[in-house]
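Q: Structure in structure tokens, see below.
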Ligand SMILES: Nc1ncnc2c1ncn2[C@@H]1O[C@H](COP(=O)(O)OP(=O)(O)OP(=O)(O)O)[C@@H](O)[C@H]1O
Ligand SMILES: [Mg+2]
């Protein structure tokens, strides 16, 4: 599976951030959470940092848990007590689905609480630059921006980037999601010029993504043979620093003659 490690082994916290909502953050978080844990052997807790409209657990078909991020933020549970393992091996720290549990929660305690976890952390952020968005950025070492190729979403990335820079965060780059390769979409070049942030991968618009979410599975477990899944793997590889092994006889032959 994994060929060699070219990254350093320190624990990292990565926040998946967008200015605009509905852009694909949670979808990306679930897919990366799965790939990091299961394919790249990186012990990673997927944190639902979207307390007001949480979607991680419902998208994974997980509904029953006694402890949540809300409990942690209210000192009613310790961080590791609220980490649940999904049957596929994704480690999840869910937010409560009960609106009652929003009472007396101070999201600005997120950074110090997540520091107590002894794993890598991947935070699915709420959209925008409200308290939840800023708390997710503040909690992370690295910021991964997600946009779709339209001006409003891209302008919001520029604004989020300014906040991340002010907080001295490392910016990994932009994921351009749900691209249809239509003329009216912004090009990656235009997105880079507008935001002054590099585009690190493009994920196509793909109905298989919608189907995989309905099946409550990451794309790797639902239909691994799509170009979209290849791009998601390539993104996970870039972030973790692990190279993917090329499968198949001819790839093995190519690697053999490279020696
Ligand atoms: N590459 C894609 N191709 C097709 N559909 C996609 C793709 N990415 C996301 N979607 C669809 O877009 C919808 C919104 O995605 P998602 O919930 O991940 O966005 P979000 O940024 O987390 O939203 P919010 O800001 O509300 O938390 C999902 O229902 C999903 O089916
Ligand atoms: Mg979301």
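The values are calculated or read from the model by the stated rules, or taken from the named source; none is laboratory data. No experiment lies behind these values; they were computed from the predicted model shown. For neighbour counting, all protein chains shown are included, and Cβ atoms are generated from backbone atoms with ideal geometry for every residue, glycine included.
Q: If I go through region 108-138 residue by residue, how many of them are closer than 20 Å to residue 164 by Cα and either in contact with a strand residue (DSSP E or B) (Cβ under 8 Å, 6 or more places away or on another chain) or away from ligand 1 (no atom under 16 Å from the Cβ) (or both)?
A: Adding up the residues that qualify gives 21.
Matching residues to (1) at pLDDT below 95; (2) closer than 23 Å to residue 221 by Cβ:
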| site | (1), (2) |
| --- | --- |
| 90 | no, yes |
| 114 | no, no |
| 118 | yes, no |
| 124 | no, yes |
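Q: Return the residues of region 154-174 that are in contact with a helix residue (DSSP H, G or I) (Cβ under 6 Å, 6 or more places away or on another chain) and either within 16 Å of ligand 1 (Cβ to nearest atom) or closer than 26 Å to residue 210 by Cβ (or both); say none if nothing qualifies.
A: Selection gives 154, 157.
Q: Ok, one more. When you look at residue 11, is it modelled with pLDDT of 95 or more and either on the phi > 0 side of the Ramachandran plot or part of a loop (DSSP other than H, G, I, E, B) (or both), yes or no?
A: Considered against the rule, which asks whether it is modelled with pLDDT of 95 or more and either on the phi > 0 side of the Ramachandran plot or part of a loop (DSSP other than H, G, I, E, B) (or both), residue 11 comes out as no.
Q: Can you go through 165, 210, 220, 243 and tell me which one is within 28 Å of residue 43 (Cα to Cα) and within 16 Å of ligand 2 (Cβ to nearest atom)?
A: 210
Q: Quick one: is residue 68 crowded, with 23+ Cβ neighbours inside 10 Å and over 15 Å from the mean Cα position of the chain (by Cα)?
A: yes
Q: Hey, among the residues in region 97-130 that are within 16 Å of ligand 2 (Cβ to nearest atom) and surrounded by fewer than 21 Cβ atoms within 10 Å (Cβ to Cβ), which one's nearest to residue 20 (Cα to Cα)?
A: Looking at residues that are within 16 Å of ligand 2 (Cβ to nearest atom) and surrounded by fewer than 21 Cβ atoms within 10 Å (Cβ to Cβ), I get 128.
Q: Looking at region 40-51, is at least one residue surrounded by fewer than 20 Cβ atoms within 10 Å (Cβ to Cβ), within 12 Å of ligand 1 (Cβ to nearest atom) and within 17 Å of the chain's Cα centre (by Cα)?
A: no
Q: State which residue pairs qualify: first residue touching a residue at least 12 places away in the same chain (Cβ under 8 Å) and inside region 14-35, second residue away from ligand 2 (no atom under 13 Å from the Cβ) and assigned to a loop (DSSP other than H, G, I, E, B) in any location, beta carbons under 6 Å apart, and separation of 6 or more residues or different chains.
A: These pairs meet every condition: 14/140; 15/140; 23/148; 30/218; 31/218; 33/90; 34/90; 34/218.
Q: Let me ask something else. Which one of these does residue 236 not meet: (1) over 23 Å from residue 43 (Cα atoms); (2) in contact with a helix residue (DSSP H, G or I) (Cβ under 6 Å, 6 or more places away or on another chain); (3) assigned to a helix (DSSP H, G or I)?
A: In the conditions (1) over 23 Å from residue 43 (Cα atoms); (2) in contact with a helix residue (DSSP H, G or I) (Cβ under 6 Å, 6 or more places away or on another chain); (3) assigned to a helix (DSSP H, G or I), residue 236 misses (1) alone.
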